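J.: I'd like to ask some things about the structure below.
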Amino acid sequence: MTTQSLVFFIIGGLVLWGGLAVTLIIAYKNRNND
Amino acid sequence: MAHKRDQWGSKLGFILAAVGSAVGLGNIWRYPYLLYSCGGGAFLIPYFCALFTAGIPLMILEFGMGHKYKGSTPLALARANRKWEWMGWWPSVNSFLILTYYIIILSWAVNYLYFSITQAWGSDTNSFFFNSFIKLSDSPFHLNGIVWPVFIGLALLWLLNWYICYKGVSHGIERLNKILLPTLVGIMIIIVIRGATLPGASLGLNKLFTPDWSKVMDAKVWMAAYGQVFFSLSLAMGVMMTYSSYLPEKTDINNSAFITAFANCGFEFLAAIGVFGILGYMATSQGVGIEDVATQSIGLAFVAFPKVFTVMGPLGRVFGILFFGCLVFAGITSTVSMVEAFSSALMDKTGLSRKKIVTIACSLGFLISILYATGAGLYFLDIIDNFINAYGTVTIGLLEAFVIGWFYGPGKIREHTNLISYYPIGRWWDVMIKFVTPVVLLYMLVQNVLTEIKQPYGGYSLNALLIFGWGSIILGLILSFFISKRPWHDASLVSPVKRRENA
């Protein structure tokens, strides 16, 4: 992959998979409050 | 007879079911091509804007309404304002109409799953699909008889949907999603890892992610991004409100909406890598450019990919089984949610038992969908799908955001979800619901109408578009108004006293 396409792959992955990971961690940490 | 409202066994079950509903065929066969054709990496800008300004806000709105009013979409809206009941029936009826043709595509995928073992499609995959398999007739008005392999797949899928919804929310839908969704993600990861390491895969991935900044200035690309996010998240279909109505009193809404949206979009981003890795391999092995092999929808799943699987040899059989397995799993979790959205609304309205309603809904759905198992089925599917999505679903989303934003007051929903969520949402959400979402959806609707006037959809005859296209929209509206005028089995369900209790 070229550097340019790799950068956009990383940006997309960070926002979407990173966002998912953060929200899942929040849900897990607060699991006893539900 | 009043029935006790079902409830999810766990919050994980609810989230998996919501993600299962959102993740469907479009994530696998539409998004990859959209990303490639709408500017590659640059498309991520309008896509993320659409996700944060419309997708997630609308998801919070639907989760919030369903949870606050503890009812299927028509009941929730009727409890908010008695005059809005029809607006809840329209997505429920549309969901049912969509289900009758969506399940046909799953039947094709089930057949192709079987064909993958022997690669029965041969070398001319285009002719195999259109002529030998679905026996496409020459016009929407020539049925050409029933295609029996499609009919058999259809019967099996309806039976499965009936069984899952018959078993109820926690024992049926939740259990199904707890099995199918992790399996689906597992299979997709295998496809992505192998697909991205095939010779020539980097060609496809470079084409997929290399940004074309000129596209970002194009309004059509922005509309495509908003359309993808809106349709992909199963919004304005009655599903999310219904699913959240099965949540217990104390539960997190805001974070659940973020999880559902990120999981859905994260899955389609993953699928894009797998699909373009495989297309890159195909282009390299045939000595052609990506533009010659890149396609979407039915052309990708039932024509281009079978060709790639044939080129791959024995590995292609495994890939075929995995790919069509993915389509079937992603589709089933979505069809079940549509059966539930429609059935739940009827259960609330009539007070009849789940078992009776689900049996009636699935039997009726099966009978209607036989029409799509004929040689003209693809024409019906194509026309009705375009009209229901372009006009029906967009109008429903627009009405939802408009009445809540301008009449009901988004602050009431925000206060409700903030009270029970880990992290509160701010006033930015009100702005999105009041201004951004309605403006974008209205623009989308106007553009769709203008395009239709300039060039009638798909080159079909005016009669076909009027009868099947506009006919399905009018049918949905008439049914919605008609059902909303019928009394609730228990008038207190929507009475002011009961409303206060549920609010």
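The values are calculated or read from the model by the stated rules, or taken from the named source; none is laboratory data. This structure is a prediction, so every number in the text was calculated from the model and none was measured. Here the Cβ is made from the backbone with ideal geometry for all residues, glycine too, and neighbour counts use every protein chain on show. The accessibility values were calculated without ligands, DNA or RNA, using every heavy atom of the protein model including side chains. Shrake-Rupley method; radii C 1.70, N 1.55, O 1.52, S 1.80 Å.
J.: For chains A and B, what's the summed buried accessible area, probe 1.4 Å, to the nearest 100 square angstrom?
T.: Working: alone 3280 and 19160 Å², together 20310 Å².
Summed over both sides, the interface buries about 2100 Å².
J.: Which whole number gives the average count of other chain Cβ atoms within 10 Å of the Cβ atoms across peptide B:40-48?
T.: Values: counts 3, 9, 1, 2, 6, 1, 0, 3, 5.
Mean inter-chain Cβ contacts per residue within 10 Å come to 3.
J.: Once a ≥ b ≥ c are taken as the square roots of the eigenvalues of the Cα gyration tensor of segment B:93-214, is the result rounded (a/c under 1.5), prolate (a/b larger than b/c) or oblate (a/b not larger than b/c)? The partial results should precede the final answer.
T.: Details: a/c = 1.79, a/b = 1.16, b/c = 1.55.
Oblate, since a/c reaches 1.5 and b/c is not below a/b.
J.: Related question: Using a 1.4 angstrom probe, figure out how much accessible area segment B:277-428 has per residue, in square angstrom, rounded to the nearest whole. Can you show the working numbers first?
T.: Details: 4880 Å² over 152 residues.
Dividing the accessible area of segment B:277-428 by its residue count gives 32 Å².
J.: How much of the pair distance distribution for segment B:289-419 lies past 26 Å, counting alpha-carbon pairs only, in percent?
T.: Cα-Cα pairs of segment B:289-419 separated by over 26 Å account for 52 percent.
J.: Highest mean first, how do B:418-428, B:181-191 rank when packing is the count of other Cβ atoms within 10 Å averaged over residues?
T.: Descending packing order for the listed peptides: B:181-191, B:418-428.
J.: Another question, if that's okay. Determine which aspartates and glutamates satisfy two conditions relative to B:LYS355: a Cα distance under 18 Å, and not lying fewer than 8 residues away in the same chain.
T.: Reachable aspartates and glutamates: B:ASP6, B:GLU174, B:GLU340.
J.: Going by Cα centres, segment B:269-292 and segment B:135-200 are how many Å apart?
T.: If you average the Cα positions of each part, the centres end up 24 Å apart.
J.: What are the DSSP H helices in chain B that stretch 24 Å or more along their long axis, judged by alpha-carbon atoms, and whose average Kyte-Doolittle hydropathy comes to at least -1.0?
T.: Membrane-span-like by this rule: B:85-118, B:148-167, B:175-196, B:254-286, B:314-350, B:437-454.
J.: Another question, then. What's the FRET efficiency of B:ARG427 with B:LYS4 using the Cβ-Cβ distance as r and R₀ = 30 Å, to the nearest 0.05?
T.: 0.20
J.: To the nearest 500 deg cm²/dmol, what mean residue ellipticity at 222 nm is calculated for the protein assembly as shown from DSSP H runs of n ≥ 4 alone, each contributing -39,500 (n - 2.57), summed and divided by the residues?
T.: -21000 deg cm²/dmol
J.: Would you calculate the volume per residue, in Å³, of the smallest convex hull containing every Cα atom of chain B?
T.: Spelled out: Cα convex hull of chain B, divided by residues, is 134 Å³.
J.: Under a point spin-label approximation (7 Å from Cα along Cα-to-Cβ), what is the A:LYS29-B:GLU291 distance to one decimal in nm?
T.: Distance between label points: 4.9 nm.
J.: By the gyration tensor of its Cα atoms, with a ≥ b ≥ c the square roots of the eigenvalues, what is the shape of segment B:50-97: rounded for a/c under 1.5, prolate for a/b over b/c, or oblate?
T.: Verdict is oblate for segment B:50-97.
J.: I've got another one for you. I'd like the projected area of segment B:427-486, averaged over all directions, using the convex hull of its alpha carbons. Report it in nm² with one decimal.
T.: 6.1 nm²
J.: For segment B:206-241, state which residues have at least 10 Å² less accessible area in the presence of all protein chains than in their chain by itself, taking the probe as 1.4 Å and leaving out ligands, DNA and RNA.
T.: In segment B:206-241, residues shielded by partner chains: B:ASN206, B:PHE209, B:THR210, B:PRO211, B:TRP213.
J.: Going through the cross-link list B:LYS412/B:LYS485; B:LYS11/B:LYS349; B:LYS207/B:LYS454; B:LYS250/B:LYS412; B:LYS215/B:LYS412; B:LYS135/B:LYS215, which pairs have a Cα-Cα distance over 29 Å in this structure?
T.: B:LYS207/B:LYS454; B:LYS215/B:LYS412; B:LYS135/B:LYS215
J.: Picking from A:THR2, B:ILE483, B:TYR33, whose Cα lies most toward the positive end of the charge dipole for the protein assembly as shown (charges on Cβ: Lys, Arg +1; Asp, Glu -1)?
T.: About the Cα centre, the residue reaching furthest to the positive side is B:ILE483.
J.: Using just the Cα positions, wrap the protein assembly as shown in a convex hull and report its mean projected area in square nanometres, one decimal place. Mind dumping the intermediate values first?
T.: On the way: hull surface 91.1 nm².
Computed as one quarter of the Cα hull surface, the answer is 22.8 nm².
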